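Remarks on the structure that follows.
The values are calculated or read from the model by the stated rules, or taken from the named source; none is laboratory data. Values in this document were obtained by computation on a predicted structure and should not be read as measured data. Counting neighbours? That spans all protein chains shown, and the Cβs are built from the backbone with ideal geometry, glycine included. Keep in mind that these areas ignore ligands, DNA and RNA; they rest on the heavy atoms of the full protein, side chains included. Shrake-Rupley method; radii C 1.70, N 1.55, O 1.52, S 1.80 Å.
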Amino acid sequence: MTQNPTTPTSTAPAAQLVHDGSRHADAWWRSAVIYQIYPRSFADHDGDGMGDLVGITSRLPYLRDLGVDAVWLSPFYASPQADAGYDVSDYRAVDPLFGRLEDAKAMVARAHELGLRVIVDLVPNHTSDEHEWFRAALAAAPGSPERERYMFRDGKGPDGSEPPNNWESVFGGRAWTRVTEPDGSPGQWYLHLFDPKQPDLNWELPEVREEFESILRFWLDLGVDGFRVDVAHGLIKEAGLPDWDAELHLLGAGLKGESTDRRPPMWDQDGVHEVYESWRRILNSYNETGDSAGDRIMCAEAWVTPVERAARYVRETEFHQAFNFDFLETHWHADKLREVIRASYAANDSVGAPTTWVLSNHDVVRHASRLGLPIDQPRPNGIGAEDPQPDTELGLRRARAATTLMLALPGGAYIYQGEELGLPDHTTMPDEVRQDPTWERSGHTEKGRDGCRVPMPWEADRPGLGFGPSEQTWLPQPESYRALAADQQAGVPGSTLELYRRMLQVRRELSMGQGSLLLEESTGDVVRMVNDAREARVQVVANLGTDPVDLPDGAQVLVASGALDGTRVPSDTAVWFTA
Ligand code: TEU
């Protein structure tokens, strides 16, 4: 039931309707909770210390029991692993590290049997430099059709020894590398917005577009339910590749209007959208009955601000979902959270798209660690032993409250593996074991993303905390993971795992993903909302202040992120209740 914008409620005297759930159809992806599996670190079957597809398949019942609707797997394709698999050398093959194509088929079949949909990663902005196309490009001459598939340019200066422009790589250092021509002479330069082992493709070329359409069909034919599209805002570059002087380093920088009104020439160019329109047509063609249960979907990884600009990716002819990174980036302030919630619904609702909430993934410091840092500092790219350490207890407390707030919001949500255990980052990892290219490329100024990619702790008393049959883990697990292992939390009241299970169960039973959202403005440090769902009006209080907040008389608590003090909600705690 939809409320009028000013309907009074017991705790929400001035609640505004910020999202009207009754206006949207019930397609699964509009409200799905999707669990991100990071294949290197989920479960190891063969004992080499690296996760694999058979390991993933064996742990799928855990995810069914957790109560998620789908899984998204980061890349498991053939890859030299220069960027943990985001450097793909064969888009239709499984890397032997992770298994065989047959294992992927078995994984999809088992997931479907358990009622879980499967989303795979697609990396279209760049290939590996070991992809057959790039090898052919290096062997061919400047100006050849082989080079045309990538972004080769002559260098500047009399001998071409200066890069074609001043762009920097996201991982640090310049975004261009000079090649040696087949005859041994110093040659052209190629563009790589990420690592030199990740040459950018030329998306102006029809052959590149056709190849990716064929790759989409390959995985759709194999039975996957959709794609998470890597760097969806990067495929098209501004014509002429003009210099860019604002800081590029974090993808969001320069997009927020602090320094310039101009859009960075490498991100969010209008030309990307026609690529996604053609992909959407392909996805639609795979739904033969037209019943939304058969929808195959795509989700954009587009670090684009403001939310109005990001909403262009989820117009009905393009992506189904786009990660709400503005929400992920929002600091622990009630007024900022209210503002991002309001603005996100306004932007996405204007194009008829769901809002897709997310707090953690394999690229950012986990929210249990992030929220244990001083509130107003910028999000660090990794935390090292000599950096100021997060307050672990406070971080977990806030992380549980933040997730309780997030999962009360109508729309879709992504959960990153391990957050249901309350895992922090490994913040004291020895530098020698770091593998993220960021660490080297930044000249050791940025730790990078290894801290959030540590193998999962399943069983406290097993070697490698039950990650696999051996004691090997490709990154070391911190000692704190032992007490957080899944077997230590399953069935334990108040554990983070049981909190997630409970929230997902209530959310599903009450159809909260499809609800309407009323948000109370100006309530200081307390976020107060109502999820007006089909089966109930669920009230939400998230207390970001220092003083406890009273629940109204007769409140029936459905979920609490932490222990309550009678009817009082302590600091950094969130509650769902009916009244
Ligand atoms: O990430 C895009 C990206 O550039 C950011 O996530 C960035 O790495 C991060 O903000 C740095 O703090 C995607 C993948 O998710 C990432 O793992 C890959 O490294 C990257 O693309 C290249 O494929």
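Remarks
- Some residue of segment 152-164 being crowded, with 23+ Cβ neighbours inside 10 Å and in a loop (DSSP other than H, G, I, E, B): no
- Residue in segment 178-202 that is nearest to GLY234 (Cα to Cα), counting only those that are buried (at least 21 other Cβ atoms within 10 Å of the Cβ) and touching a helix residue (DSSP H, G or I) at 6+ places or on another chain (Cβ under 7 Å): LEU201
- Subset of segment 130-148 (residues that are within 22 Å of SER79 (Cβ to Cβ), in contact with a strand residue (DSSP E or B) (Cβ under 9 Å, 6 or more places away or on another chain) and open to solvent by less than 60 Å² (accessible area, probe 1.4 Å)): HIS131, TRP133, PHE134, ALA137
- When residues in segment 280-301 are screened for being in contact with an Asp or Glu (Cβ under 7 Å, 6 or more places away or on another chain), closer than 18 Å to ASP121 by Cα and not β-branched (Val, Ile, Thr), 3 of them pass.
- Among helices (runs of 4 or more DSSP H) entirely within segment 39-144, having at least 3 residues that are acidic (Asp, Glu) singles out 101-113.
- Annotation: of all residues in segment 443-457 being away from the ligand (no atom under 14 Å from the Cβ) and closer than 21 Å to PRO390 by Cα, the one that is most open to solvent (accessible area, probe 1.4 Å) is HIS444.
- Set GLU329, GLU386: member being among the acidic types (Asp, Glu), modelled with pLDDT of 95 or more and within 16 Å of the ligand (Cβ to nearest atom): GLU329
- Number of the exception - THR330 against (1) within 18 Å of the chain's Cα centre (by Cα); (2) open to solvent by 10 Å² or more (accessible area, probe 1.4 Å); (3) within 21 Å of ALA25 (Cα to Cα): (3)
- Residue, nearest to ASP52 (Cα to Cα), within segment 66-87, restricted to residues that are free of Cβ contacts under 8 Å to residues at least 60 places away in the same chain and among the aliphatic types (A, V, I, L, M): LEU73
- Selection status of ASP221, within 16 Å of the ligand (Cβ to nearest atom) and either touching a residue at least 60 places away in the same chain (Cβ under 8 Å) or open to solvent by 40 Å² or more (accessible area, probe 1.4 Å) (or both): no
Conditions (1) open to solvent by 10 Å² or more (accessible area, probe 1.4 Å); (2) more than 23 Å from ILE215 (Cα to Cα), marked per residue:
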| residue | (1), (2) |
| --- | --- |
| PHE42 | no, yes |
| GLY51 | no, yes |
| LEU60 | no, yes |
| SER74 | no, no |
| ALA84 | yes, no |
| PRO96 | yes, no |
| ARG100 | yes, no |
| ALA106 | yes, no |
| GLY115 | yes, yes |
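A quick yes/no check of all residues on (1) touching a Gly at 6+ places or on another chain (Cβ under 8 Å); (2) assigned by TED's automatic domain parsing to the domain that holds ALA563; (3) open to solvent by less than 10 Å² (accessible area, probe 1.4 Å); (4) closer than 21 Å to HIS362 by Cα:
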{"site": "ARG441", "(1), (2), (3), (4)": "yes, no, no, yes"}
{"site": "GLU459", "(1), (2), (3), (4)": "yes, no, no, no"}
{"site": "SER470", "(1), (2), (3), (4)": "yes, no, no, no"}
{"site": "PRO476", "(1), (2), (3), (4)": "no, no, no, yes"}
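- Flag for LEU337 being aliphatic (A, V, I, L, M) and without any contact (Cβ under 8 Å) to a residue 40 or more places away in the chain: no
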